[in-house]
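Asks: My questions all concern the structure below.
The values are calculated or read from the model by the stated rules, or taken from the named source; none is laboratory data. Quantities reported herein were computed from a predicted structural model and do not represent experimental measurements. Using ideal geometry, Cβ is built from the backbone for each residue, glycine included, and neighbour counts are taken over all protein chains shown. Ligands, DNA and RNA are excluded from the accessible area calculation, which covers all protein heavy atoms including side chains. Shrake-Rupley method; radii C 1.70, N 1.55, O 1.52, S 1.80 Å.
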Amino acid sequence: MTTHIVALGGSLLRPEEADQRSDWFGRLRQLAVHMEGNGRRLGIVVGGGLPAREGIELARATVSNSYRLDMVGIAATRLNATILQQSLIDIGCDVCPIIPTTTTQAVELLTSHHIVIMGGTTPGHTTDAVAVKFARDAGAPYCVIATNVSHVYDSDPRTNPNAKQIEEMTLAELANITGTEALEPGQSAAVDPIAVKWAQESALKLAVLDGRNLETLENALEGKPFVGTLVKVE
Ligand code: UTP
């Protein structure tokens, strides 16, 4: 039985346009039905997106401790995970009714459900890192990181108009771009440095892609060529 693990960026759940929102959810539901029909096991780790940023900003007025701010972020990821979980249960998918709190529990729950959806686990990293750990623990061949940019760039495209898309790279090259220091609570990056570090430690390949494009996401999950950045072990 093949297991597929994806980190789904929280921003994907809330596109700016309301009609795009229902469209994306509808196509994600189709993808889930399709994969379940093909007998795949699917682990989805959902990011916190807007509610995480809002919650952390709100708490920051009175809380300075990073650990506690991370706990607020984790709560938001679990909220988003619950939205997706209920949306898939609603159409009859075999989704686990529990949101696991550890990747060990998530792997265990994947033995009795086709789909397990979770959010964050503990402070000090983002859901990208949780997905890497989930993929490692589940024995998945790679981990898909679905975000809202099409590729990893050689520099930040928001500040450098000449930034170049990278189609293929190694984990060491990615670590050179992201660094290996943990992000601040609520801070965003193309890929979480801790996720890259854990992928290196587990010799786990990554596929970084734009999760707004569900065809690309499905291709990557199925191990087919996809539009995005393939991050090889070496
Ligand atoms: P996200 O995983 O959502 O961060 O976690 P992100 O990279 O900004 O992802 P997108 O934008 O949703 O795709 C949000 C915050 O929750 C805390 C951290 O503070 C993180 O910045 N968090 C999340 C943890 O502390 N541990 C976790 O396992 C997950």
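Asks: May I ask you to list the residues in the stretch 9-44 that are in contact with a Leu (Cβ under 9 Å, 6 or more places away or on another chain) and either among the aromatic types (Phe, Trp, Tyr) or farther than 15 Å from CYS93 by Cβ (or both)?
Replies: Correct list: GLY10, SER11, LEU12, LEU13, ARG14, ARG21, TRP24, PHE25.
Asks: Also, I was wondering about something else. Only one of (1) out of contact with any Ser or Thr (no Cβ under 8 Å at 6 or more places or on another chain); (2) part of a loop (DSSP other than H, G, I, E, B); (3) open to solvent by 70 Å² or more (accessible area, probe 1.4 Å); (4) not polar (S, T, N, Q) fails for GLY223. Which number is that?
Replies: (3)
Asks: Further question: Those residues that are in a helix (DSSP H, G or I) and either without any contact (Cβ under 8 Å) to a residue 60 or more places away in the chain or open to solvent by less than 40 Å² (accessible area, probe 1.4 Å) (or both), I need them from the stretch 26-55; list them, please.
Replies: GLY26, LEU28, LEU31, ALA32, MET35, GLY37, GLY49, LEU50, PRO51, ALA52, GLU54, GLY55
Asks: Ok, one more. When both residues are 6+ apart or on different chains and their Cβ atoms are under 8 Å apart, which pairs have a first residue that lies in the stretch 71-89 and is without any contact (Cβ under 8 Å) to a residue 60 or more places away in the chain, and a second that is open to solvent by 70 Å² or more (accessible area, probe 1.4 Å)?
Replies: That search, which allows pairs on different chains as well, returns ILE74/THR122; GLN85/PRO97; ILE89/PRO97.
Asks: If LEU50 passes every condition in (1) modelled with pLDDT of 95 or more; (2) aliphatic (A, V, I, L, M); (3) within 16 Å of the ligand (Cβ to nearest atom); (4) under 18 Å from the mean Cα position of the chain (by Cα) but one, which one does it miss?
Replies: Condition not satisfied by LEU50: (1).
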